[in-house]
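Asks: Following this message is one structure expressed as structure tokens.
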Amino acid sequence: MRNLTILCFLFLLTACNWSASREEKTQELVNKEMLSIDWEDVDQYPLFADCDETAAKQEQKQCFMATLLKHFSKTLEESDFVVQEAVKDTIFVDFLMEASGVISLQNIDKGTIPEDELAGFDEQIEKSLNNLPKIEPALKRGIPVRAKFRIPIVLQ
């Protein structure tokens with residue numbers, strides 16, 4: 001009987017070690033997987049309704065950018081900006097798309113264009129972003145994520 005008790009006790013001790021090593025192996029695999037993920041890139045770009053979600057990633061990006069630029073162009077064409085000198089420059093618009101699909105303006109880099117040259121430009125861009133059609137957010141491993149984008153707008 002005494003031998004049986006000792007045997008059961010040893011069995012219990014080794015069983016605890018088996019579960020601990022499984023947890024360590026699982027944590028090691030999780031850590032390895034986390035290191036292999038490219039956190040600077042998304043698996044699927046944000047999509048407008050007319051973009052194909054089954055298309056290749058690069059085609060999704062082109063559709064997203066083209067739709068966005070078309071929307072900006074339309075909004076800017078409807079407004080009348082009067083400039084004193086001929087302007088040929090590129091303005092960069094930085095915006096953040098939340099995992100919920102909400103877009104917020106982060107920054108407008110006008111480069112060498114004086115602030116008073118394009119009065120009301122920032123407000124027009126903000127208005128254009130707020131009037132965008134519904135967008136599905138970017139995905140990383142099937143989960144909606146925040147994504148920051150920079151769009152160039154060429155002024156002529």
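Throughout, read-outs are computed from the coordinates displayed, never taken from laboratory work. In this text the structure is predicted, and so the values were computed from the model without any measurement. Don't worry about glycine lacking a Cβ; one is built from the backbone with ideal geometry, like all the others, and counts go over all protein chains shown.
Asks: Report the extension gain between Arg150 and Ala119 in nm, rounded to one decimal, defined as 0.36 nm multiplied by the number of residues separating them, less their alpha carbon distance.
Replies: Extra length available between Arg150 and Ala119 comes to 9.0 nm.
Asks: Name the lysines eligible as straight-distance cross-link partners of Lys61: C-alpha to C-alpha under 22 Å, and not fewer than 8 places from it in the same chain.
Replies: Lys70, Lys74, Lys134, Lys140, Lys148
Asks: May I ask you to compute the full-extension gain from Asn130 to Thr54, defined as 0.36 nm times their residue separation minus their alpha-carbon distance, rounded to one decimal in nm?
Replies: Using 0.36 nm per residue and subtracting the Cα-Cα distance, I get 24.7 nm.
Asks: Evaluate E = 1/(1 + (r/R0)^6) for Ile6 and Val30, where r is the Cβ-Cβ distance and R0 equals 41 Å; express this FRET efficiency to the nearest 0.05.
Replies: 0.65
Asks: While we're looking at this one, here's another question. How would you rank Lys61, Lys148, going from fewest to most other Cβ atoms within 10 Å of each one's own Cβ?
Replies: Lys148, Lys61
Asks: Would you please calculate the Kirkwood hydrodynamic radius of the stretch 47-155 over all C-alpha pairs and express it in Å, rounded to one decimal?
Replies: One over the average 1/r among Cα pairs gives 15.0 Å for the stretch 47-155.
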